[in-house]
Number of protein chains: 2
Amino acid sequence: MSTEPAGEPRWLSDEEQYAWQSYLHATTLLEDHLDRQLQRDAGMPHVYYGLLVQLSQAPRRRLRMTELAQNAKITRSRLSHAVARLEKSGWVRREDCPSDKRGQNAVLTDEGLRVLEKAAPGHVAAVRAAIFDRLSPEQVGQLAAICRTVADGLQPQGADLPWLR
Amino acid sequence: MSTEPAGEPRWLSDEEQYAWQSYLHATTLLEDHLDRQLQRDAGMPHVYYGLLVQLSQAPRRRLRMTELAQNAKITRSRLSHAVARLEKSGWVRREDCPSDKRGQNAVLTDEGLRVLEKAAPGHVAAVRAAIFDRLSPEQVGQLAAICRTVADGLQPQGADLPWLR
DNA sequence: CACCCTTAGTTAAAACTTCAAGAAATGGCG
DNA sequence: CGCCATTTCTTGAAGTTTTAACTAAGGGTG
């Protein structure tokens, strides 16, 4: 479907290989760095922090599970487990959806909000130190454009992530 | 040390927030996509594939554990587990280091090489489809420069990754 | 040589993710 | 209404990663 065994594989050029290698190094180092920073300062991994952020920005600090999963770009299964953990920690609470009896809302608790507000400055500082203080404004724009393009090509339609058509 | 609780946190500008959001979406989607692609076509996650690639490019298809971990930007612990699994699959073999009795070499087996060669075309195609076929040559250069800058700022010196000084 | 600090790598346990399967409600459609 | 495909979300098991502790060998230094 996406990777049929073509006759002659088109390998990457030297520039592409270099870019790819650099990308892999940067992203794994950064992900590691932020995971450790948040685990240390907020007691949760980066993805979980991202879920709290999403909830904090949502209308009544609540979001349907599926919508939250879409926003965070993770599977519903992963979200189920994550919310279970966040619930156990007291940062998030589940709530039945009134209009659809199948549905659940994830709700950011007051305590969750406090944890988030406490962790946010340090996290922003870490992101800034790792990225935005090191890139020129032009590069920030370039990065955004590149990422948008890549993400647009990946909005999944198979497996467990059939959002967007 | 890196994230002291400064008096007034400098939040991200709108452009920065947008870039950061785009980055997070693109990288998680891409990582997911490649993990699935390789799990399906090669029976291993992306990181493990990267280990095989590193080994295949090393002098005698072998590398000291620590060096391999450095190249792949992962912890030694993670590598230990990964190699244990790859060994069980028969793609990699461990070997005592002659010059240092503490040391181990990870060696790519013939079978590992075959698996790699079989998976490589499809993987390159996936990477190409997701990134390089969608970006202009200028963007590829920009991406490399940006990633280099970010990675340079993250070469860790704490915890379990004390490489580079 | 004896001591001690460092380096190489492993391990167990806990945490997290993935995968496949499944329960329950919804929404057509005849 | 009755049926069936779809959507929503959860679950258990297997696989992966993290963290901290640990063994063993190197490498000074006195």
Does region A:104-127 contain any residue that is at the interface with chain B (Cβ under 8 Å from one of its Cβ atoms), part of a helix (DSSP H, G or I) and of a type in the set (D, E, K, R)?
no
What single numbered condition from (1) more than 24 Å from B:Ala26 (Cβ to Cβ); (2) within 14 Å of DNA strand C (Cβ to nearest atom); (3) surrounded by fewer than 16 Cβ atoms within 10 Å (Cβ to Cβ); (4) modelled with pLDDT of 95 or more fails to hold for A:Trp91?
(3)
Number of the exception - A:Lys101 against (1) open to solvent by 70 Å² or more (accessible area, probe 1.4 Å); (2) closer than 22 Å to A:Ala120 by Cβ
(2)
Which is of a type outside the set (A, V, I, L, M), open to solvent by 50 Å² or more (accessible area, probe 1.4 Å) and without any contact (Cβ under 8 Å) to a residue 60 or more places away in the chain, of A:Arg76, A:Arg60?
A:Arg60
For region A:50-70, give me each residue that is farther than 23 Å from B:Asp35 by Cβ and either within 7 Å of chain B (Cβ to nearest Cβ) or polar (S, T, N, Q) (or both).
A:Ser56, A:Gln57
Condition first: open to solvent by less than 40 Å² (accessible area, probe 1.4 Å) and more than 7 Å from chain B (Cβ to nearest Cβ). Now tell me which residues in region A:33-49 satisfy that.
A:Leu34, A:Leu38, A:Ala42, A:Gly43, A:Met44, A:Pro45, A:His46, A:Tyr49
Which numbered condition trips up A:Ala84, out of (1) within 13 Å of DNA strand C (Cβ to nearest atom); (2) modelled with pLDDT of 95 or more; (3) within 14 Å of chain B (Cβ to nearest Cβ); (4) open to solvent by 10 Å² or more (accessible area, probe 1.4 Å)?
(3)
What about B:Leu161, is it open to solvent by less than 50 Å² (accessible area, probe 1.4 Å), at pLDDT below 95 and within 14 Å of chain A (Cβ to nearest Cβ)?
yes
Regarding A:Glu95, is this residue within 12 Å of DNA strand D (Cβ to nearest atom), more than 9 Å from every other protein chain (Cβ to nearest Cβ) and not polar (S, T, N, Q)?
yes
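The values are calculated or read from the model by the stated rules, or taken from the named source; none is laboratory data. None of the values given here were measured: they were computed from a predicted structure. Glycine also receives a Cβ, built like all others from the backbone with ideal geometry; neighbour counts cover every protein chain displayed. The accessibility values were calculated without ligands, DNA or RNA, using every heavy atom of the protein model including side chains. Shrake-Rupley method; radii C 1.70, N 1.55, O 1.52, S 1.80 Å.
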